[in-house]
Amino acid sequence: MASEKSKIIYTLTDEAPLLATCAFLPIIRTFTAPAGVEIVTSDISVAARILAEFSDCLTPEQQVPDNLAALGKMTLLPDTNIIKLPNISASVPQLLAAIKELQAKGYKIPNFPEDPKTDEEKSIRTRYSKCLGSSVNPVLREGNSDRRAPPAVKRYARKNPHSMGEWSQASRTHVSHMHGGDFYSSEKSMTMTKACDVKMDLVTKSGKTIVLKPKVSLLAGEIIDSMYMSKKALCEFYEKEIEDAYKTGMMLSLHVKATMMKVSHPIVFGHAVKIFYKDAFTKHAKLFEELGVNANNGMSSLYEKIKTLPESKREEIIQDLHACHEHRPALAMVDSAKGITNLHSPSDVIVDASMPAMIRVGGKMWGADGRLHDTKAVIPESTFARIYQEMINFCKTHGNFDPTTMGTVPNVGLMAQQAEEYGSHDKTFEIPEAGIARIVADDGTVLLEQNVEEGDIWRMCQVKDAPIRDWVKLAVNRARLSNTPAVFWLDEYRPHEAELIKKVNTYLKDYDLTGVDIQIMSQTRAMRYTLERVIRGKDTISVTGNILRDYLTDLFPIMELGTSAKMLSIVPLMAGGGLFETGAGGSAPKHVQQLVEENHLRWDSLGEFLALAVSLEDIGDKTGNKKVKILARTLDEATGKLLDNNKSPSPRTGELDNRGSQFYLAMYWAEALAAQTEDKELQAFFAPLAKSLIENEQKIADELKAVQGKPVDIGGYFVADSEKCKAVMRPSPTFNAALKAARG
Ligand SMILES: NC(=O)C1=CN([C@@H]2O[C@H](COP(=O)(O)OP(=O)(O)OC[C@H]3O[C@@H](n4cnc5c(N)ncnc54)[C@H](OP(=O)(O)O)[C@@H]3O)[C@@H](O)[C@H]2O)C=CC1
Ligand SMILES: O=C(O)CCC(=O)C(=O)O
Ligand SMILES: [Mg+2]
């Protein structure tokens, strides 16, 4: 056995991934222990993050460490190996629900101050803000991203294509975005020639100087941007598009990313709510203010707030809200059976997943009548909205994609060290008063400035030089290793990207590019070029900034594979370690609901299987531990076999689910280890396990199926009971006994 133990840190997150982990951990531990690899867990669920933040309010027994901060530090070490599952990036309504559950479970954490007034409330709000939105990924992503569909996964999708809707040339579906007054149109950018500290301030028309951000330390070579979205232009845009949809009989949908753009997009979302329901918001303005209604939290929050009112008043408001629908277009639904619309909650419709889902079914979304309809997809910011329109145009002309023949589009994404827009939330402000928004260097020089009005959203973004160099290196490596053309999706007319292009051209010179096809194209051209290749079965690497990384790594996988859960998602950490993300998708809250109601978990753990294999491979490469390398190789074989034999979870209750799929992975993995002859110790260890799983295959499959169809209790949503989860997620006594026997 190997002398020194290597460590994989396995994150515990939320919802479906956490449940899947509950079943998977005993399997992983059984397989990795004989190779000297230890699996250590780290709870970074939204509940654990809240508890870590409010330790001072808890009893000593209730206190938990700040795991996220510890992991963040570890990403800066060369031998760190983390497997990261998708976690909740909480919107305010999700955070409120988590707080409520924790309080009900006896944790004396404070209420979330929605409208903080006193200093104490402001401090609590600031502390809770650390748990809001996308707050895990930016801490752990100390590297750029490499996301792709492994060949076995692509082969599987070609053999077992998922359903695709039909695209008609007569489809009226389209994307509506702003043509002025948005971030794109106001962007200014520059590259720092030397390191310095800057501040963000606002010189108001009334002559005051308000410091919004006292200090941002910048490095030489760093690119910084300043941009704003005009409230007036945004509201006019909404008025126009809502009116257009109404007049032309189109359904309306809004697509934002309020989780990652946690300061700007809730505001963008809130204006849509206020304008859609303008009459009711105007009539009840005073009362809504008194009740603390915040449109940024969606209609579900408004309905919650008015619950406290006397019935007659509440009825009046509900009627007024309903009356708004009479002269408004139909709204796309998140759940038509429950009457949950697109404007219900800012975290219900997340653009990276919602737009591909719409395109996949032929450009349609669900209406209140429970049917699919063409839709006007409103994506206010034009910067990247146009890529979707380009794909829609393509589908209208060529029909929908064919998963059996289409090429693949891997992505190399710039995201390290909170690069670009997704790292801007601590530098994003809703402007309190008209004036000049400025980025000012410590020597008093005004670096960038713009005129802003009250309510505009102003932000500064940054991307450091080292991540850009690393991104170019990753792109060249991927292009060379996979012998695939790579396209940098960069628009020379966008100031930020003009700066990036200069750097990309410079850093590309560091490489011998003989035989490597690398091009730079604007986003719409890159999309067109890639799609022309895709339908001819040709592969093209997209090399993009942070937002397109997010968008494209759902968009193409959802067309190619039916879901982004099947993606290999690697973050080579710049300090030398590895962060292995599982898939590229979210935490699928709907899956938990199905488990609780019917004891069927449709979540596909393929992303975990793929991540574990590359994580083991990384350890094997770094330590030279041959046993670990064999584990990685045989796991890949097992995953391939799992796909070939169609043992992925079914969405239908009563059929194979996540637990069954994990059992088959374990069986194939043990079989592959028993069959190899390179390492006799491993062979001897796994032969009895393989035998027992093969002999009991039917019995285990039956035990896993027998439990389905009935409701189960997991003891909570944000803080599920770990014993109850174990009981639900490990229901086969025969499988459990086989694993236990192997561990000895
Ligand atoms: N890396 C991260 O940490 C990420 C976290 N998130 C968070 O996840 C939550 C939900 O996000 P959202 O973007 O709506 O995406 P979802 O997780 O709801 O995914 C959208 C749909 O994709 C399918 N899907 C996703 N993952 C799997 C899987 N492993 N197995 C099978 N099907 C899958 C499901 O389709 P079907 O219903 O047909 O089964 C699901 O309904 C939010 O809290 C969000 O903040 C989002 C993105 C990434
Ligand atoms: O961090 C998040 O909220 C989501 C991350 C995401 O969607 C992605 O990286 O693809
Ligand atoms: Mg994403």
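Coordinate-derived values only; no laboratory data. This structure is a prediction, so every number in the text was calculated from the model and none was measured. Note that we place each Cβ from the backbone using ideal geometry, even for glycine, and neighbour counts take in every protein chain shown.
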Response to the item:
Ranked output for segments 616-623, 506-513 by mean other Cβ atoms within 10 Å, highest leading, reads 616-623, 506-513
Worksheet entry | Acute angle (nearest 10 degrees) that the helix 15-32 long axis makes with the longest principal axis of the chain, alpha-carbon atoms | 30 degrees
Worksheet item: Using alpha carbons only, what's the Rg to Rh ratio of the stretch 107-260 with Rh from Kirkwood?
Response: 1.05
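If packing is taken as the average number of other Cβ atoms within 10 Å across a peptide's residues, how do 698-710, 552-564, 475-487, 202-214 rank, most packed first?
Put in order of decreasing packing, that is 552-564, 475-487, 698-710, 202-214.
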Worksheet item: Remind me, relative contact order of the stretch 640-744 in percent, using alpha carbon pairs under 8 angstrom and six or more residues apart?
Response: 23 percent
Worksheet item: Cα axis of helix 546-561 to longest principal axis of the chain: angle in degrees, 0 to 90, nearest 10?
Response: 50 degrees
Worksheet item: In terms of modelled amide H atoms, which long-range or inter-chain residues lie less than 5 Å from the amide H of LEU601?
Response: ASN658, ARG659
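Classify the stretch 245-291 as rounded, prolate or oblate, taking a ≥ b ≥ c as the square roots of the eigenvalues of its Cα gyration tensor: rounded when a/c is under 1.5, otherwise prolate if a/b is larger than b/c and oblate if not.
Oblate, since a/c reaches 1.5 and b/c is not below a/b.
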Discussion item. Could you work out how much longer the chain between ILE210 and ASP702 gets when fully extended? Use 0.36 nm per residue separation minus the Cα distance between them, nm to one decimal.
Written reply: 170.4 nm
Practice prompt. Could you give me the percent of Cα pairs per 10 Å distance bin for the stretch 501-560, shortest bin first, beginning at zero and ending with the bin that holds the maximum distance?
Written response: 17, 49, 29, 4
Worksheet, complete the sentence: Exposure proxy check on GLU449, GLU723, GLU311: fewest-to-most Cβ neighbours within 10 Å is GLU311, GLU723, GLU449
Item to complete: Name the shape class, rounded, prolate or oblate, that the alpha-carbon gyration tensor gives for the stretch 340-472, where a ≥ b ≥ c are the square roots of its eigenvalues, rounded holds for a/c under 1.5, and otherwise prolate holds if a/b is larger than b/c and oblate otherwise.
Response: oblate
Fill in: Shape of the stretch 308-368, Cα gyration tensor, a/c cut at 1.5
prolate
Worksheet item: What's the center-to-center distance, using Cα atoms, between the stretch 105-183 and the stretch 250-312 in Å?
Response: 20 Å
Item to complete: Treating cross-link reach as a plain straight distance, find the aspartates and glutamates whose alpha-carbon is under 16 Å from the alpha-carbon of LYS627, omitting any fewer than eight places away in the same chain.
Response: GLU4, GLU38, GLU617, ASP618, ASP636, GLU637, GLU671, GLU678, ASP679, GLU681
Worksheet item: Counting other C-beta atoms within 10 Å, which of ARG536, ARG155 has the fewest, and how do the rest follow?
Response: ARG536, ARG155
Worksheet item: Which value at 222 nm does the chain reach when only helices count, each DSSP H run of 4 or more adding -39,500 (n - 2.57), with the total divided by all residues and rounded to the nearest 500 deg cm²/dmol?
Response: -14000 deg cm²/dmol
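Return CYS395, CYS22 ranked ascending by Cβ neighbour count within 10 Å, so the fewest neighbours appear first.
Fewest to most other Cβ atoms nearby, the residues stand as CYS22, CYS395.
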Practice prompt. Could you sort 431-440, 64-73, 355-364 so that the peptide with the highest average Cβ count within 10 Å comes first and the rest follow in order?
Written response: 355-364, 431-440, 64-73
Item to complete: Evaluate the relative contact order of the chain (contact order divided by residue number), counting alpha-carbon pairs under 8 angstrom at least 6 apart; express in whole percent.
Response: 19 percent
Worksheet item: Relative to the longest principal Cα axis of the chain, at what angle does helix 351-360 sit, 0 to 90 degrees, rounded to 10?
Response: 70 degrees
Worksheet item: What are the principal axis extents of the Cα atoms in the chain, in Å, biggest first?
Response: 80, 67, 61
Item to complete: Could you tell me which of the pairs LYS626/LYS699; LYS117/LYS724; LYS274/LYS396; LYS122/LYS199 are separated by over 31 angstrom between their Cα atoms in the structure shown?
Response: LYS626/LYS699; LYS117/LYS724; LYS274/LYS396
Worksheet entry | P(r) histogram, all alpha-carbon pairs of the stretch 14-103 included - 10 Å bins from 0, percent | 14, 38, 36, 12, 1
Worksheet item: Percent relative contact order of the stretch 172-243, based on C-alpha pairs within less than 8 angstrom and at least six residues apart?
Response: 40 percent
